[in-house]
Amino acid sequence: MKSIGTSLARAALRKLKIDLAKISQPRLISSMASKDREDAFSNPDVQQMLLNLHHSMVKTLIDSETKELPVCNFKQPEELLKALDLEIGKEPASNDTILDACKSVMDYSIKTASPRFMNQLYSGINPSCLAGSWVTEVLNTNLHTYEVAPVFVMMEKYMMRKLSKLVGYDNGDGVLCPGGSFANMLGMHLARVQIDPDIKSKGMGNNKKMVLFASSEAHYSIAKGASFLGFGESNVVRVETDKIGMMKPDVLDQKIQECIQQGNIPAFVMATTGSTVLGSCDDLNAVADVCEKHGVWMHVDAAWGGGVILSEKYKHLMNGVHRSNSVAWNIHKMSTGLVQCSIFLTKSSGMMEECNRFNAEYLFQPDKHYDVSYDIGDKTVQCGRKVDILKLWTLWKSRGDNGMAKQTDNAFENAKYLVDQIKKREGFRLVLPEFQCPNICFWYIPSRLRNKEENADWWKEVSKIAPQIKRKIMEDGSMMIGYNPLTTKGYVNFFRVIITNPMTTPQDMDFILDEMDRIGHAL
């Protein structure tokens, strides 16, 4: 089985390798304009610094992807502080100093482009996505009005229509957000304003208590959002899950009925497609049945698992999403866009403006010389909003719909291979027999603990193994994989391997298990 990297992505990397030689002797552009300014782009020294830095960045990417570089060059905080020159003096630093500082940052930072970085829900760098990100930084604008971001406004409106249709929102709309947590909170905000539009002006105090619901495995942003938006953390009701981490709809129904009987308002239900730890996907149709029964806003947190909807093989995991009111989806996770690339979608076009419009006079003048419906800044509570749309568009454009689907399929194929290997190897034990998303969780049992009585003391010893192996692999720099307990299920520390990088292969899966066994066998 091959890793996918689309033909365009591979061609782009080959081209970058060829161009490295040219970059080492760049053609500098001279100009009389601003020649006396040391920080002007027309200054040949500035150009040389930027070209040299570009050379170093591309080489870092190539060496990370080909595993020539370690995933991390780990140092304890005190050591790292000594290694970095962080002091800022009164006089300006030279271009060479800035270049050396940037190289030092790359040296000591985690190489998330490496196929063996499987620590978080993001990994890998698509060349076309990176190109979009670079252009975004060069243009350095704000995505609130058409006059300052005409191309990006058109791009975002196009992509939000495309994504809305994907999830079954025929009249939907959306916006790019600073992270999946923010997207979840935006859903919470819309839900409460739909219940009572006067909340915008009068606040929460004039209503009965509003209650939020999510599974015990749902992301913690619902609790943070409850605190931040004024619902209160104590008004978040966690719903029991089944053995594989799916919310129990009958329990949800019971909890909502109890809420109503207590004289409170069930305001918001957050279903999950791809929980952070186990990758569990709630039955969206069953959750929708309950929400429709009680008239409750249904939001789907698909920050991790949203990519399944692109695949014919796995889109069934989001069956029923069209019945929801809103969705959060991080393209920078399963679909490997660059951080951050977070989408909020809602079924009702215009709802975001109704909830967030302020009509700031210095931005949103009604008598502009163009159609002011293209001034999209009032869709969100933000004023300044970074342009994330170009990298999303270039990523999707370079792959096409078929390539985006292949990215999802590839991640699942690698995950299946890892599960199959774990089942065959002594000393490895899966947390679940099968997983709904490509985050694979397992324990490593060293030889001294095998074939022993599995009592409380035994599990206490097992809990100490993952941190020891993690420390060793980070000191070696060979790979990065996370571990955690899961107290909702009573599980002690286990490894969680996140498989999403398109350059990851079955050989990398074998490497993970070989290294863990080598390090952990005698622990």
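What the table below lists for this structure:
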| quantity | calculated |
| --- | --- |
| Residues of the range 376-395 that turn out to be acidic (Asp, Glu) and in contact with a His (Cβ under 7 Å, 6 or more places away or on another chain), as a count | 0 |
| Lone qualifier among Gly274, Gly305 - being in contact with an Asp or Glu (Cβ under 9 Å, 6 or more places away or on another chain) and in contact (Cβ under 8 Å) with a residue 60 or more places away in the chain | Gly274 |
| Output for the range 494-523, where each listed residue is touching a helix residue (DSSP H, G or I) at 6+ places or on another chain (Cβ under 9 Å), farther than 26 Å from Ser109 by Cβ and of a type outside the set (Asp, Glu) | Phe494, Pro506, Leu513, Gly520, His521, Ala522, Leu523 |
| 2 or more residues open to solvent by 10 Å² or more (accessible area, probe 1.4 Å) and in contact (Cβ under 8 Å) with a residue 40 or more places away in the chain: qualifying helices (runs of 4 or more DSSP H) within the range 433-523 | 465-476, 506-520 |
| Selection count, the range 172-191, where residues are aliphatic (A, V, I, L, M) and part of a strand (DSSP E or B) | 2 |
| Residue among Asp63, Asp85 that is at pLDDT below 95 and open to solvent by 20 Å² or more (accessible area, probe 1.4 Å) | Asp85 |
| Verdict on Ile244 being within 26 Å of the chain's Cα centre (by Cα) and assigned to a loop (DSSP other than H, G, I, E, B) | yes |
| Filter result (over 24 Å from His54 (Cβ atoms), without any contact (Cβ under 8 Å) to a residue 12 or more places away in the chain and in a loop (DSSP other than H, G, I, E, B)) within the range 68-85 | Gln76 |
| Cβ pairs under 7 Å, 6+ apart, first in the range 156-177 and over 17 Å from Met318 (Cα atoms) and open to solvent by less than 10 Å² (accessible area, probe 1.4 Å), second of a type in the set (Phe, Trp, Tyr) and part of a helix (DSSP H, G or I) | Met159/Trp393 |
| Residue tally, condition open to solvent by less than 70 Å² (accessible area, probe 1.4 Å) and of a type outside the set (A, V, I, L, M, F, W, C), over the range 88-117 | 12 |
| Selection within the range 192-234 - of a type in the set (Gly, Ala, Ser) and either touching a residue at least 40 places away in the same chain (Cβ under 8 Å) or assigned to a helix (DSSP H, G or I) (or both) | Ser201, Gly205, Ala214, Ser215, Ser216, Ala218, Ser221, Ala223, Gly225, Ala226, Ser227, Ser234 |
| Residues (more than 22 Å from the chain's Cα centre (by Cα) and either among the acidic types (Asp, Glu) or farther than 30 Å from Ala40 by Cα (or both)) located in the range 95-119 | Asp96, Asp100, Asp107 |
| Flag if Leu20 is surrounded by 13 or more Cβ atoms within 10 Å (Cβ to Cβ), under 22 Å from Pro115 (Cβ atoms), at pLDDT below 80 and over 30 Å from the mean Cα position of the chain (by Cα) | yes |
| Residue identified as open to solvent by 10 Å² or more (accessible area, probe 1.4 Å), farther than 18 Å from Gln382 by Cβ and in contact (Cβ under 8 Å) with a residue 12 or more places away in the chain among His299, His316, His294 | His294 |
| Residue within the range 429-441 that is in contact with a Phe, Trp or Tyr (Cβ under 6 Å, 6 or more places away or on another chain) and under 30 Å from Gln76 (Cα atoms) present | yes |
| Single residue of Gly477, Gly482, Gly490 found to be under 30 Å from His219 (Cα atoms), in contact with a Cys (Cβ under 6 Å, 6 or more places away or on another chain) and modelled with pLDDT of 95 or more | Gly477 |
| Evaluation of Val237 against (1) in a strand (DSSP E or B); (2) in contact (Cβ under 8 Å) with a residue 60 or more places away in the chain (one fails), failing number | (2) |
| Scope the range 286-311; condition within 22 Å of the chain's Cα centre (by Cα) and assigned to a loop (DSSP other than H, G, I, E, B); matching residues | Ala302, Ala303, Trp304, Ser311 |
| Residues (part of a strand (DSSP E or B) and in contact with a Ser or Thr (Cβ under 9 Å, 6 or more places away or on another chain)) located in the range 247-268 | Met247 |
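Yes/no matrix, rows are residues, columns are (1) open to solvent by 20 Å² or more (accessible area, probe 1.4 Å); (2) touching a strand residue (DSSP E or B) at 6+ places or on another chain (Cβ under 6 Å):
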{"site": "Ile222", "(1), (2)": "no, yes"}
{"site": "Phe228", "(1), (2)": "yes, no"}
{"site": "Val239", "(1), (2)": "no, yes"}
{"site": "Ser275", "(1), (2)": "no, no"}
{"site": "Asp283", "(1), (2)": "yes, no"}
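Table: residues versus (1) part of a helix (DSSP H, G or I); (2) among the polar types (S, T, N, Q); (3) touching a residue at least 60 places away in the same chain (Cβ under 8 Å).
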position: His322; (1), (2), (3): yes, no, yes
position: Val327; (1), (2), (3): no, no, yes
position: Gly337; (1), (2), (3): no, no, yes
position: Ser349; (1), (2), (3): no, yes, yes
position: Tyr362; (1), (2), (3): no, no, no
position: Lys391; (1), (2), (3): yes, no, yes
position: Thr394; (1), (2), (3): yes, yes, yes
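Yes or no, residue by residue, for (1) at positive phi; (2) surrounded by 18 or more Cβ atoms within 10 Å (Cβ to Cβ); (3) touching a Pro at 6+ places or on another chain (Cβ under 8 Å):
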| residue | (1), (2), (3) |
| --- | --- |
| Gly205 | no, no, no |
| Ser215 | no, yes, no |
| Ala218 | no, yes, no |
| Gly263 | yes, no, no |
| Leu278 | no, yes, no |
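The values are calculated or read from the model by the stated rules, or taken from the named source; none is laboratory data. What you are looking at is a predicted structure, and each value in this text was computed from that prediction instead of being measured. Quick reminder, even Gly has a Cβ in these numbers, built from the backbone with ideal geometry, and neighbours come from all protein chains shown. Note: accessible area is taken over every heavy atom of the protein model, side chains too, but ligands, DNA and RNA are not part of it. Shrake-Rupley method; radii C 1.70, N 1.55, O 1.52, S 1.80 Å.
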